[in-house]
Structures are given as structure tokens and as C-alpha cells.
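Please read the structure below before turning to the comments.
The values are calculated or read from the model by the stated rules, or taken from the named source; none is laboratory data. Computed from a predicted model, the values in this text were never measured in an experiment. Ideal geometry is used to build each Cβ from the backbone, glycine not excepted, and the neighbour counts take in all protein chains shown. The protein model used for the area step is the full one, side chains on, heavy atoms only, and it has no ligands, DNA or RNA in it. Shrake-Rupley method; radii C 1.70, N 1.55, O 1.52, S 1.80 Å.
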Amino acid sequence: MKLNLKFPLGVYISVFVLLALITFIWDQVETKIDQDIIKYLAAIFVFATALGLHLIRKGTFDLYKNILNAIWNIETAFVFIYAVNYFIEHTPISKNESPFYEWSLAHPLIFSVLIAALTVVCVSRAGFSLAEIFKNSVAIADSTETPPSEKSEMPIDESIKESQG
């Protein structure tokens with residue numbers, strides 16, 4: 001398998017700075033589970049950035065970015081509707097637990113999968129956003145590296161050749 005990345009220098013600098021910042025945060029966290037989560041999120045971000053740049057090269061980036069944005073918009077719409085409903089149903093002085101809190105305690109696996117999906121989509125969108133910053137640089141670099149296509153010679157009609165002399 002050939003790994004032909006050849007990204008613009010800004011991509012490498014951005015990812016390096018981000019990973020240095022993540023490493024600093026990771027070092028400040030004391031629990032192993034939190035450190036693991038930080039590592040997974042950093043890996044998802046770097047993978048999403050590389051995938052976004054690859055999709056830019058293929059010319060399909062906008063399609064996948066729009067799909068990811070649609071998923072994000074649906075998720076945030078559900079969260080917004082729930083939050084509005086929660087604030088309408090519960091006053092600040094109420095001691096009642098929210099129905100969603102009770103449901104999340106009753107269904108921890110489903111709740112965890114939903115949170116993980118929301119997190120992956122959120123971090124992937126961030127990676128795609130970083131890739132999009134370098135969209136023009138990738139397109140320019142690809143256009144200078146690809147050899148110009150050979151011009152196909154159109155067959156000339158023999159009657160035209162004869163009439164021209």
C-alpha cells in the first residue's frame with residue numbers, strides 16, 4: 001500500500017501544533033480513562049483531516065462535508081428541542097429529575113452510543129474544517145503535479161484535406 005500524502009506544509013504545522021496542545025492537556029489529566037478519550041479524539045481528528053484532504057483531491061469533499069453537516073444539524077436539532085422542552089417543563093427551583101436523565105440511567109448502553117456518535121461527528125466536522133482551510137492549496141498542488149493530458153488529435157476528414165490543397 002502506497003501512502004502518498006503530500007499535504008501542504010500548513011496542514012502538518014496545524015496538526016503538529018494541535019497534537020502538542022492535546023499532549024499538554026493529556027499530561028494534565030490524571031485518570032487513565034480521560035487520557036484514553038483524549039487520545040481517541042485526537043486520532044479521530046487527525047484521521048478526519050487526512051480523509052477530508054483526500055476527498056478534496058478526489059473532488060468529492062463537498063458531498064461528504066454536506067452529509068456530515070446534515071447529520072450534525074439533525075443531532076443538534078434534537079438536543080435543542082430537548083433543551084427547550086426541559087426548560088419549559090422544569091423550573092429552576094424544581095427538584096424533579098429530567099425524563100432524559102432517568103432514561104439515560106435506565107439505558108446506559110444506548111446513551112453511551114449516542115454520546116459517542118455525537119462526539120465522533122463533532123470531531124470529524126472539526127477535522128473537515130481544518131482540511132477545508134487548505135482546500136485551495138491542495139487543489140493547486142495537485143494541478144501542478146499532474147502532467148497535462150495529451151491532446152487527442154481529431155481525425156481530419158479526408159475531403160477537407162483535399163480541398164485545402
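Details
- Surface analysis of the stretch 1-75 yields an accessible area of 70 Å² per residue, using protein heavy atoms and a 1.4 Å probe.
- Between LYS135 and ASP27, the contour length at 0.36 nm per residue exceeds the alpha carbon distance by 35.6 nm.
- A simple spin-label model places pseudo-atoms 7 Å from Cα toward Cβ; at ILE37 and THR60 they are separated by 3.3 nm.
- Ligands, DNA and RNA left out, the accessible area of the stretch 1-83 computed with a 1.4 Å probe is 73% carbon and sulfur.
- Taking all protein chains together and rolling a 1.4 Å probe, GLU75 ends up with roughly 40 Å² accessible.
- When peptides 9-17, 34-42, 48-56, 108-116 are sorted by average Cβ neighbour count within 10 Å, with the highest value leading, the order is 48-56, 34-42, 9-17, 108-116.
- Nearest-0.05 FRET efficiency for TYR12 and LEU109, computed from C-beta distance (R0 45 Å): 0.70
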